[in-house]
Structure formats: structure tokens, C-alpha cells
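What follows is one structure encoded as C-alpha cells, with my remarks underneath.
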Amino acid sequence: MSLPPTGQVPMDRALARLLILGALSLVALGLFLTLGVPHGAWGFALPFRAGKLVALVLVAYAIATSTQLFHVATRNQILTPAIMGFDALYLMLQAGLVFFLGAMATQNLEPVFKFSLEVILMMVFSTGLFLWLFSAQARDLHLLVLVGIIFGTLFRSLSSFISRMIDPNDFVVVQGASFAQFNTVNIDLVWITLVLCAFTLPVLWALRHQFDVLALGRDTAINLGLAYRRVMLITFAMIGLLVSVSTALVGPVTFFGLLVTHLAYRLLPGARFGQTWVAATLVAVITLVGGQAVFEHVLGFKGTLSVVIDLLGGLVFLTLLFKGAQR
């Protein structure tokens, strides 16, 4: 199912912009792999950096895709999946593990087991929430967002309560988990993340035209013959999976998705889902990989990329709010 062309950007110009983004992505990837490698250390540096590079690309894909899907499902480009309480649930899990097991035991947990536990718990939470709210008795999208906000507040309160009861020395571990860690990505988790992200690619690509219809709203989509309930459930399942994977791999990144999707919207105004999806993913790769290359290999870790991303994303969020208030 597809809509007639309505984009404001001609196809050739959109393709040219996508090619430029692709070229910039390749430059960012090349800089990350080669920048500052000492002479004679290529044999060690390239395999080490390649694993980390794959992890960053997967995180960029997961965050950009989940945010754009959330915009389509909610028809609101200010919201992000973080509003559903994923980040707060992740932090509550970290605080709970430190409280019951201790900081040392938490850090010594087998990485694959800890990663799988976090992904499964967040997926169970998101799937249960979506299935309940999209049952036959309740299909209100606004109720879904409202319940997500309430759960997020509940999880943050529980996390704060648990943090007050644990040892101050152990609290450092919980505090460290509240920020995204792009410098210390666990390479052992890359293959699991790669498989999970690869699973979403063919599903989303097959549904890309239906997402264009879904963005028109529930009533219009149903009138056009879209299986609204099925597409919405698949959409939120993909959002839950991608957010869970990226959060468990590097930690919560609140505004990164908002930043890269709105850059893509600006580059391709009026474009369809498929084009914007590719653009948002490429912008995310350029921002994350290029930024990490600069902070890691030029500035020598004298700064944190996640702080800069959250600052810029927060400014984008405030700008969108002010623009919405002036209308």
C-alpha cells in the first residue's frame, strides 16, 4: 500500500542528499578506524576499533529508528520512546541489582546474562503495556502515553528510593549507569545486538509504505484499508525491542533520537517514511561515530559525547516546544 507522491523535495534532490549523507557516514567510519593509530599498531587497533564501531552503528540505527517509529505511531514529533518509561525502568533495574547483590557482584555479573535480563525485562514491560492498552476494551493512544508517563514517574521514584538505601560507595555504580557510556561498549554483546537489529530490518522495510498510511491517523488509515491494530502492535513491538537493546548496550540516551530525526526531517521535508528512515539513521551514524572519533582520538577523552548530545537534543526539544506554543 502506498500513497501518491506528496513530498516537497524532488526525488533526485532527495537522492542526492541521501548520497551526501552516505558519503559523510563513510568518512566518519574511516576517521574512527584510522585517526590517531600509532605506527606499527594497526594489527591491534583495527580489530579493536572495528568491534566498537559496529556497536556504535547499531546503537545509532536502533535509536534513530525507534524514535521515528514512535513519531509515526503517536503522530507527535516532540515525543520520544523515553516518555514510555524505558530509561527509568533501566535505572531502576540497575539500582535494584546493586541493592540486592552489591556493587561488586553487579559489576562481576556475566555480561551476556545481564544484557539478556535487561532486554527481556524491558521487552516484557513494553509488550505487556501495549497489549493491555490495545486490547478490545482500550485502544486510546493518548492513554498509552499517559500510562507510560505514570510508569516512568513510578520507576524513577522507586529508583530514587532504592538509591537512598544503598551504600554511598555502591551508589557510584548506579550513578554511572544513568549516563550513556559510548567509551566502554562491551564488544561481547555486539553479536547479540546485531542479530536483534538485523531481525527488525526486513520487517520494517516491508512495512515502510504502511507507516506512511499510519502517519495519517487512525480513522484515515482504517478507511484506506490498513490493518491498524496489527501495524500498531508490530510498530510498538519494534520500538520496545530497539529501545531495550540500545539502552542495555550503552545506557539511556534521552534526546539523541529527537536530535537526529529532526535533522532528517529538515533535510528531507515532506519525504516518506523510507527516505526519512535512511536519512535519520545516516545522520545518527555521522553524529555518533564522528563525535566519538573526535572525543576519543582528538580530544583524548577530555569530554563526554553523551553530555553534548543531550545538550543539543534538549535545545532542539525546547525549540520545538516554543514553536508549538507560538502557533
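Under a Gaussian network description of the chain, with springs only between Cα atoms under 10 Å, the residue in Ala45, Ala280, Ala237 that fluctuates furthest is Ala45. Against the empirical 2.2 N^0.38 Å (N residues), the range 124-225 has a Cα radius of gyration ratio of 1.54.
Taken one residue at a time, the phi angles of the range 72-86 give Karplus couplings (6.51, -1.76, 1.60, θ = phi - 60°) of 5, 5, 8, 6, 9, 8, 9, 6, 10, x, 4, 5, 7, x, 4 Hz. Gly and Pro are set to x. Heavy-atom surface analysis with a 1.4 Å probe gives the range 56-326 a carbon and sulfur content of 69 percent of its accessible area. Taking Cβ atoms as reference points and 15 Å as the exclusive limit, the residues near Leu18 contribute a net charge of +4, counting Lys and Arg as +1 and Asp and Glu as -1.
Among the chymotrypsin sites (Phe, Trp or Tyr not before Pro) found in the range 226-311, those both in a DSSP coil and sparsely packed, with 16 or fewer other Cβ atoms within 10 Å of their Cβ, are Phe301.
Ordering 196-206, 120-130 by mean Cβ neighbour count within 10 Å, with the highest value first, yields 120-130, 196-206. For the chain, relative contact order (Cα pairs under 8 Å, six or more residues apart, normalised by length) works out to 36 percent. Placing unit charges on the Cβ atoms of the charged side chains and taking the dipole of the range 56-326 about its Cα centre, the candidate lying farthest along the positive direction among Val253, Leu201, Phe115 is Leu201. A value for P(r) over Cα pairs in 10 Å bins from 0, in percent was derived from the coordinates, and within the list (1) 5, 22, 30, 21, 13, 7, 1; (2) 6, 28, 34, 22, 8, 2, 0; (3) 5, 25, 34, 24, 10, 2, 0 it appears as (3).
What does the charge count around Ala264 come to, taking other residues whose C-beta lies under 13 Å from its C-beta (Lys +1, Arg +1, Asp -1, Glu -1)?
So the environment of Ala264 carries a net charge of +3.
With every protein chain kept in place and ligands, DNA and RNA left out, what is the accessible area per residue of the chain? Probe 1.4 Å, answer in Å².
Accessible area per residue: 49 Å².
Cross-link partners for Lys114 among the lysines, with Cα-Cα distance under 26 Å and sequence neighbours closer than 8 places in the same chain left out: Lys52.
The values are calculated or read from the model by the stated rules, or taken from the named source; none is laboratory data. This structure is a prediction, so every number in the text was calculated from the model and none was measured. Quick reminder, even Gly has a Cβ in these numbers, built from the backbone with ideal geometry, and neighbours come from all protein chains shown. Ligands, DNA and RNA are excluded from the accessible area calculation, which covers all protein heavy atoms including side chains. Shrake-Rupley method; radii C 1.70, N 1.55, O 1.52, S 1.80 Å.
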